[in-house]
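Asker: Below: one structure in structure tokens.
The values are calculated or read from the model by the stated rules, or taken from the named source; none is laboratory data. Because the structure is predicted, anything quoted here is derived from the model rather than measured. All Cβ positions, glycine included, derive from the backbone under ideal geometry; neighbour counts span all protein chains shown. Ligands, DNA and RNA are stripped out before the accessible areas are found, and what is left, the full protein with its side chains, is counted by its heavy atoms. Shrake-Rupley method; radii C 1.70, N 1.55, O 1.52, S 1.80 Å.
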Amino acid sequence: MASPAIELEVEGRVVRLSNPDRVYFPQIGATKLDLAEYYLSVGAGIVTALWERPCMLHRFPTGIEGEKVHQKRLPAGAPPWVETVPLFFPRWKRTADELCVTELASVIWAVQMSTVEFHPWNSRRGATEQPDEWRIDLDPGPECDYATVQQVAGVVHEVLDDLGAVGFPKTSGSKGLHVYVRVRPELDHQGVRRAALAFAREVERRAPDLVTTAWWRKDRDPAAVFVDYNQNARDHTIAAAYSVRGLPDARVSTPLRWDEVAEADPRDLTIRTVPARFAELGDLHADIDDHVFDLVPLVEWANRDERDDGDRDERDDGDLDERPGTDPGTLRSDEAGE
């Protein structure tokens, strides 16, 4: 039988949580209430990560072993205080109102609607077409171990230092690592992606045996790390800092200090362990807005690379529009939480 609903008070709001005892992560026995309490424990961090960004929700109405729903549109039945941002999708010629977090209660309401993962855009609602976050995604190939990812992260740090850019690393919550850099919201998504490709190619030059930027999967060394510059394209999103992942051990995409990157094991960073870490260290990404990088040097690198290539590099032929297969008009919008 379903467990009785409870009410959670969140910064002056009351959020009803139905089925709080439903097990979402069977491997560790974590429930829907455990998930909500985790997000409450890292509230300042998750709100900072999502603040005023359009946000896709990854929902698991019956737990992570059940159906996964990628939700662009805000689920129906939201309280009036839950904010949204309208986004137009040229591929589908439709508009969707996506969640736009400005307070912790919105995060907990999304948990009530069975959200496990939060995937925000790299731009904010005031300028959705001009990203203010450059994302470096270190994506290991199928035969690449995590030690190689850590080694490549060291090269990334070296290149960022040479540029005078401050990077904020975090685990992906799965097999990779992410590094975020705050940038001026001046270029469009294609411009930021182009700059990200130039950076990725420099990392590849410095570690050619460990890194690939090959666009086509068939052309990549399966033991290498793909520096996925395309995560900066429009409507391409990755899990936010402090987002739980839909994995059996309830792993968390966790901010790290640079001196932790070489040793930290993502398997140790879960909803069971991250709250105590957050209580001790606070939000390691809290001051990211104080370190804004100007992408001009990377634009110059991109110009140089294109001159050297003679023609537009085939690796830059990826989708520059929103992610395919996610028609906002066909995604589920359930009337009630699970």
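Asker: Please work out which one of (1) free of Cβ contacts under 8 Å to residues at least 40 places away in the same chain; (2) open to solvent by 30 Å² or more (accessible area, probe 1.4 Å) is the condition Arg91 fails and give its number.
Answerer: (1)
Asker: Sticking with this structure for a sec: For segment 94-105, name all the residues that are assigned to a loop (DSSP other than H, G, I, E, B) and surrounded by fewer than 24 Cβ atoms within 10 Å (Cβ to Cβ).
Answerer: Filtering segment 94-105 down to residues assigned to a loop (DSSP other than H, G, I, E, B) leaves 101-103.
Within segment 94-105, Thr102, Glu103 qualify.
Asker: For Gly173, work out the one condition from (1) of a type outside the set (Asp, Glu); (2) at positive phi; (3) part of a helix (DSSP H, G or I) it doesn't fulfil.
Answerer: Failing condition for Gly173: (3).
Asker: What is the one condition in (1) modelled with pLDDT under 95; (2) out of contact with any helix residue (DSSP H, G or I) (no Cβ under 9 Å at 6 or more places or on another chain) that Phe60 does not satisfy?
Answerer: Here Phe60 meets the rest and fails (1).
Asker: Does any residue in segment 151-175 that is without any contact (Cβ under 8 Å) to a residue 24 or more places away in the chain and more than 21 Å from Ala224 (Cβ to Cβ) come within less than 9 Å, Cβ to Cβ, of a residue that is among the small types (Gly, Ala, Ser) and surrounded by 16 or more Cβ atoms within 10 Å (Cβ to Cβ) six or more places away or on a different chain, and which pairs are these?
Answerer: Final answer for the pair search is Asp161/Gly167.
Asker: Look through Glu202, Glu129 and report the one residue that is open to solvent by 10 Å² or more (accessible area, probe 1.4 Å), touching a Ser or Thr at 6+ places or on another chain (Cβ under 8 Å) and farther than 24 Å from Val116 by Cβ. Give the derivation first.
Answerer: Numbers: Glu202 fails: touching a Ser or Thr at 6+ places or on another chain (Cβ under 8 Å).
After applying the criteria, what remains is Glu129.
Asker: Okay, next question. When you scan segment 225-242, how many residues do you find that are among the hydroxyl-bearing types (Ser, Thr, Tyr) and touching a Gly at 6+ places or on another chain (Cβ under 7 Å)?
Answerer: Count: 1.
Asker: Could you identify the single residue in Ala233, Ala224, Ala214 that is closer than 30 Å to Arg91 by Cα, buried (at least 20 other Cβ atoms within 10 Å of the Cβ) and either touching a residue at least 12 places away in the same chain (Cβ under 8 Å) or touching a Ser or Thr at 6+ places or on another chain (Cβ under 8 Å) (or both)?
Answerer: Details: Ala224 fails: closer than 30 Å to Arg91 by Cα; Ala214 fails: buried (at least 20 other Cβ atoms within 10 Å of the Cβ).
Every option except Ala233 fails the conditions.
Asker: Part of a strand (DSSP E or B), surrounded by 17 or more Cβ atoms within 10 Å (Cβ to Cβ) and touching a residue at least 24 places away in the same chain (Cβ under 8 Å): is that true of Arg182 in this structure?
Answerer: yes
Asker: Determine whether segment 106-116 contains at least one residue that is assigned to a strand (DSSP E or B) and not aromatic (Phe, Trp, Tyr). Walk me through how you get there before you give the answer.
Answerer: From segment 106-116, those assigned to a strand (DSSP E or B) are 115-116; that's our starting set.
From what's left, not aromatic (Phe, Trp, Tyr): 115-116.
Checked against the condition, which is being assigned to a strand (DSSP E or B) and not aromatic (Phe, Trp, Tyr), segment 106-116 yields at least one hit.
Asker: Would you call Val155 open to solvent by less than 10 Å² (accessible area, probe 1.4 Å), modelled with pLDDT of 95 or more, of a type in the set (Val, Ile, Thr) and outside any loop (DSSP other than H, G, I, E, B)?
Answerer: No.
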